[in-house]
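Structure record follows, encoded as structure tokens.
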Amino acid sequence: MIFPDFQLLDAAGPISAFEIAARFAGRTPSIKVLAASPGPVRSSSGVEMLARGLKPSAGISTLIVAGGEGVRQAATCPKTLGFVRSAAKRGIRVASVCSGAYILAEAGVLDGRRATTHWQRTPHFVKAYPGIKLEPDRIFVRDGNIWSSAGISAGIDLALAMAAEDFGDEIARQAARQLVLYHRRSGGQSQFSSLLELKAPTGRFAPLLAWARENLDAPLTVEDMAEQAGMSSRHFARAFIAETGTTPSKAVERLRIEVARQRVQSSSEAIERVAEATGFRDPERMRRAFIRAFGQPPQSLRRAARAG
């Protein structure tokens with residue numbers, strides 16, 4: 001399902017994953033693009049897809065809702081919401097990619113359920129839908145017949161997981177290889193960690209960040225990092241921003257958040273001890289950093305991890 005100003009890859013990624021998996025399974029792909037208004041639907045990139053109208057959902061086994069810049073408007077469309085609601089009530093497998101979770105939320109199909117969405121949308125989503133058990137750090141989440149995934153490329157991971165359910169793990173692995181994916185990521189993988197990998201440089205500052213990650217309990221000031229890099233503080237700060245797109249202090253906070261999240265979710269270690277070991281010192285400071293990154297405090301992430 002798409003709408004004006006949808007994100008093209010939110011639709012094209014899962015479509016390609018299902019097409020390739022079906023062919024490996026010896027099936028003829030049966031994929032349709034739907035929209036509230038049939039005909040050409042313009043994506044946020046300007047590229048159009050040709051969509052059919054929203055007819056009764058009989059014959060549909062899976063409904064995937066794209067996200068994108070136009071999702072807020074689409075989430076107010078009664079026709080769209082009614083179609084999603086009807087599909088979910090019939091037990092059809094319903095999923096969202098990225099901000100498509102807003103449409104599922106407005107349709108009421110996520111009420112009381114576990115879900116995820118793009119990390120940038122997390123703070124707003126948590127405030128807008130307190131009745132939804134958002135798991136902000138997951139690549140994708142399944143709760144019964146309702147699935148949701150994180151940003152853009154995570155929709156491919158979600159589609160491959162569905163293909164594994166439909167055709168078996170080997171078919172899903174073959175499809176992943178055909179898509180030239182490094183591996184098929186599980187739903188529990190951290191989208192925040194993926195963000196860090198994208199931002200971390202592969203050039204001259206990679207060893208520095210590796211060193212910082214091993215010394216998170218140290219102050220790790222700009223001066224400390226510049227000295228480790230063998231540069232003056234002013235030149236280091238300019239060069240670091242130019243290469244990584246972020247400041248040294250923000251990069252260190254991301255490293256601290258990532259390591260702290262792992263310790264919070266995988267152990268029963270006291271929150272105070274985690275804050276001390278990862279350089280936050282003050283648990284309240286760590287709590288504020290978690291809310292900025294995930295929309296939830298450490299205790300909520302720990303409870304979600306244990307429930308999962």
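The values are calculated or read from the model by the stated rules, or taken from the named source; none is laboratory data. Note that this is a predicted model, so its numbers are computed, not measured. We place every Cβ from the backbone using ideal geometry, glycine too, and count neighbours over all the protein chains shown. These area figures cover heavy atoms from the full protein model, side chains too; ligands, DNA and RNA do not enter into them. Shrake-Rupley method; radii C 1.70, N 1.55, O 1.52, S 1.80 Å.
Got a sec? Which strands (runs of 3 or more DSSP E) wholly within region 61-152 have at least 2 residues that are of a type in the set (A, V, I, L, M)?
Result: 62-65, 93-97.
For (1) modelled with pLDDT of 90 or more; (2) over 20 Å from the mean Cα position of the chain (by Cα); (3) surrounded by 18 or more Cβ atoms within 10 Å (Cβ to Cβ), each residue gets a yes or a no:
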position: ALA242; (1), (2), (3): no, yes, no
position: ALA260; (1), (2), (3): yes, no, yes
position: VAL274; (1), (2), (3): yes, yes, yes
position: THR278; (1), (2), (3): yes, yes, yes
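Please verify whether GLU253 is open to solvent by 10 Å² or more (accessible area, probe 1.4 Å), not polar (S, T, N, Q) and not in a helix (DSSP H, G or I), treating the condition exactly as stated.
Numbers: open to solvent by 10 Å² or more (accessible area, probe 1.4 Å): yes; not polar (S, T, N, Q): yes; not in a helix (DSSP H, G or I): no.
It is false that GLU253 is open to solvent by 10 Å² or more (accessible area, probe 1.4 Å), not polar (S, T, N, Q) and not in a helix (DSSP H, G or I).
How do the pairs read when you match residues in region 33-58 that are closer than 19 Å to ARG93 by Cβ and open to solvent by 70 Å² or more (accessible area, probe 1.4 Å) with residues anywhere that are in a strand (DSSP E or B) and at pLDDT below 95, using Cβ under 8 Å and keeping only pairs 6 or more apart or on different chains?
none
Counting only residues that are within 20 Å of ARG213 (Cβ to Cβ), surrounded by 15 or more Cβ atoms within 10 Å (Cβ to Cβ) and in contact (Cβ under 8 Å) with a residue 60 or more places away in the chain, how many does region 280-308 have?
Of the residues in that region, 3 qualify.
Which pairs turn up if I take residues in region 147-167 that are farther than 13 Å from ALA22 by Cβ and look for partners that are among the aromatic types (Phe, Trp, Tyr) and modelled with pLDDT of 95 or more with beta carbon separation below 7 Å, at least 6 apart in sequence or on another chain?
Sorted first by the residue in region 147-167, then by its partner, the pairs are LEU158/TRP147.
Check LEU104 against each of (1) more than 26 Å from LEU160 (Cβ to Cβ); (2) within 19 Å of the chain's Cα centre (by Cα) and name the one condition it does not meet.
Result: LEU104 fails condition (1) only.
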